[in-house]
Amino acid sequence: MNRSATGSWVWLFPLAYGLHIAEEYAFHFPAYVANISGRHISNGQFLFLNAVFWFLMVAAVVVVLARPSRAWLVITLAAVLGINAAAHLLGSIVTSTYSPGTVTATLLYVPLVVFAFRRVLPHVSRGLAMQAVALGAAIHAGVFLLAANPSIIPTP
């Protein structure tokens, strides 16, 4: 892997994610989801779940920076953020309301995802890129499943 495909810019992932979680929390994303789905996740559970994924994202960034051959993880992170941005935008359109998190998803996630894909995809085989995107989709689906079953999320 060419080291130029990655660099300190990958720290933008946990930064953008942290700002996104702050927007969701400040504008009551758990209540928004409960209103739409009937599934209630407490603020503590919401913060716990997102803290775990934030630390996993930081770990992925550390791995990528230490081992440029793992740059495919950037594609996975970009897939997770891209799917999340699409979900927020779709949620806002379908409900004709503001889905908390839409602003950071649109202004931070979308440009970061495009940049990351343009920067890293040329350095990764098509097969590995597809697997990385599939892993990102699976991670996002896992988050949805956890949020849909809040009883399995610890309450801090």
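Rule-based calculations on the coordinates, nothing more; no lab input. None of the values given here were measured: they were computed from a predicted structure. In this analysis, Cβ positions are derived from the backbone assuming ideal geometry, glycine residues included, and neighbour counts consider all displayed protein chains.
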Scan the range 117-127 residue by residue and report those that are surrounded by 12 or more Cβ atoms within 10 Å (Cβ to Cβ) and either touching a Leu at 6+ places or on another chain (Cβ under 7 Å) or over 16 Å from Phe13 (Cα atoms) (or both).
-> Leu121, His123, Val124
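Please find, among Ala78, Ala71, the residue that is under 16 Å from the mean Cα position of the chain (by Cα), crowded, with 22+ Cβ neighbours inside 10 Å and in contact (Cβ under 8 Å) with a residue 24 or more places away in the chain. So that I can check it myself, show each step before the final result.
On the way: Ala71 fails: under 16 Å from the mean Cα position of the chain (by Cα).
Checking each option against the conditions leaves just Ala78.
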Do any residues in the range 102-122 that are touching a residue at least 12 places away in the same chain (Cβ under 8 Å) and over 17 Å from Ser4 (Cα atoms) have Cβ atoms under 9 Å from those of residues that are in a helix (DSSP H, G or I) and among the acidic types (Asp, Glu), where the two are at least six apart or on different chains, and which pairs are they?
-> Thr102/Glu23; Val103/Glu23; Thr104/Glu23; Thr104/Glu24; Ala105/Glu23
Tell me, which residue of the range 55-68 that is touching a Phe, Trp or Tyr at 6+ places or on another chain (Cβ under 9 Å) and surrounded by fewer than 17 Cβ atoms within 10 Å (Cβ to Cβ) is farthest from Val94 (Cα to Cα)?
-> Leu65
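When you check Leu56 against the structure, is it within 15 Å of the chain's Cα centre (by Cα) and either in contact (Cβ under 8 Å) with a residue 40 or more places away in the chain or more than 27 Å from Ala129 (Cα to Cα) (or both), yes or no?
In short, no.
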